[in-house]
Structure formats: C-alpha cells, structure tokens
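Read through the structure below, which is laid out as structure tokens, and then see the notes.
The values are calculated or read from the model by the stated rules, or taken from the named source; none is laboratory data. Here the structure is a predicted model, which means the values were calculated and not measured. Every residue, glycine as well, gets a Cβ built from its backbone with ideal geometry; the counts of neighbours run over all protein chains shown. Remember, those area values only see protein heavy atoms, side chains included, never the ligands or the DNA or RNA. Shrake-Rupley method; radii C 1.70, N 1.55, O 1.52, S 1.80 Å.
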Amino acid sequence: MNRLVFPGSFDPPTLGHQDLIRRASKLCDELIAAVLVNGNKRSIFTVEERLSMLRLMTQDLPNVKVLSFDGLLVDFLHKTQAAAVIRGLRKSADYEYEAEMAVINRRLDPSCETLFLQAKPELAHISSSLVRELAGFGRAYDAFVPAECLPVLEEGFKRNRTARS
Ligand code: PNS
C-alpha cells in the first residue's frame, strides 16, 4: 500500500489544510493526517480537538486516516510504513523552512522523502496563525476554516479567552 503522511500542528486546521489533504489523498492509497502532540509551540486546541476537527473535515475522504504522533516524524513514518512526508507550500518563504526540515529528516533517516504540494493561490493567504489572530481580536474567521470545525473552534477560542481574562 502506498501511504503518505501529512503532518502538522493543525492549531487549528484551515481550508488550506483541507484542500491539501483532499489533493494529497488522490496521490496515494492512504493518507495519514498526523497531529504533532508535544511540539515546542503552546497550542490553543487540545490534541483531541484537533483530531476531532480533522476527522470532521475529512469524513468524505475514505482513504484519509487521522492520527496523532509524538517524537520524531521519521520514527512515525517508519512505524506507519509510509513512503513519504507531504507538506504544503503557501509562499516562497515556506520553502526555506520546509527545505531545511526535509534535509534534517533525510539526515535522520536517509529513506525519508518529502514531497511538496503548492497551495492554491486563492487559499495561499490562509494560515492557522491568521485564524488565531482574527479570533483573538474577536473578528470573523469562518471564511478560512471548514464549516464542520466551527463548533469546536468556537468552544476552544472561548475557553482560551476565559483563561486569559
Ligand atoms: O504545522 P507545522 O507546525 O508547520 O508542523 C511542523 C511539524 C509537526 C511537521 C514538525 O514540527 C515536525 O515534524 N515535528 C516533529 C519532530 C521532528 O521530527 N522534527 C524534525 C527534526 S528535529
């Protein structure tokens, strides 16, 4: 089975992620959307919330599996017997960071391949940080996220506002 891994923080998942997952799922037998558990970044949404949002927004894609992973991505690839990592590129600056990560992953495991998918121009401005920022200022963010995720997003942002006040 030809399996790919689409890893990320997904804090929160966006319409950009949804489009990349949809397109990547057509390139393999199985696509694993993998949520990083213990990243360096402090996240707004719990791992369970992020898994739940990813499952809701990919429920019409039968070959997409949603899992979490802890530790090194190369170890997760090995464990799931995936052929490659797939990452999205939104803008040229993304490439700098992504190319570095691909090189590090290959050094950690010479069999680790990284594939890049270019974001659609109409979605390239959408990022998790944009959604977090808009929500932080109390502005509408629903045009940037899958509609299925809205209840979980509203709940998580509300909890975050309460915790900060
Ligand atoms: O959505 P993000 O935050 O850009 O995703 C980054 C992610 C999760 C793909 C990356 O941080 C990652 O793979 N972390 C796992 C640890 C790891 O393998 N790091 C690379 C070598 S130190």
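Taking only pairs six or more apart or across chains, which ones have beta-carbon atoms under 7 Å, a first residue in region 92-112 that is more than 16 Å from Phe6 (Cα to Cα) and without any contact (Cβ under 8 Å) to a residue 60 or more places away in the chain, and a second residue that is in a helix (DSSP H, G or I) and open to solvent by less than 90 Å² (accessible area, probe 1.4 Å)?
Pairs that qualify, where the first residue is more than 16 Å from Phe6 (Cα to Cα) and without any contact (Cβ under 8 Å) to a residue 60 or more places away in the chain and the partner is in a helix (DSSP H, G or I) and open to solvent by less than 90 Å² (accessible area, probe 1.4 Å), are Leu108/Val74; Asp109/Val74.
Consider Arg107 carefully, then state whether it is on the phi < 0 side of the Ramachandran plot, under 16 Å from the mean Cα position of the chain (by Cα) and part of a helix (DSSP H, G or I).
no
Of these, Val103, Val74, which one is more than 27 Å from Glu155 (Cα to Cα), among the β-branched types (Val, Ile, Thr) and open to solvent by 20 Å² or more (accessible area, probe 1.4 Å)?
Val103
Report, ordered by the first and then the second residue, all pairs with beta carbons closer than 8 Å, sequence separation of six or more or different chains, a first member in region 135-151 that is open to solvent by 80 Å² or more (accessible area, probe 1.4 Å), and a second member that is part of a helix (DSSP H, G or I).
The qualifying pairs are Asp142/Leu150.
What residue, among those in region 1-48 that are among the small types (Gly, Ala, Ser) and part of a loop (DSSP other than H, G, I, E, B), is nearest to the ligand (Cβ to nearest atom)?
Of everything passing the filter in region 1-48, Ser9 is nearest to the ligand (Cβ to nearest atom).
Restrict the check to region 111-128 and report whether at least one residue is over 26 Å from Leu56 (Cα atoms) and open to solvent by less than 30 Å² (accessible area, probe 1.4 Å).
Yes; the residues of region 111-128 include at least one that is over 26 Å from Leu56 (Cα atoms) and open to solvent by less than 30 Å² (accessible area, probe 1.4 Å).
Hey, Val85 hits all of (1) assigned to a helix (DSSP H, G or I); (2) open to solvent by less than 20 Å² (accessible area, probe 1.4 Å) but one; which does it fall short on?
(1)
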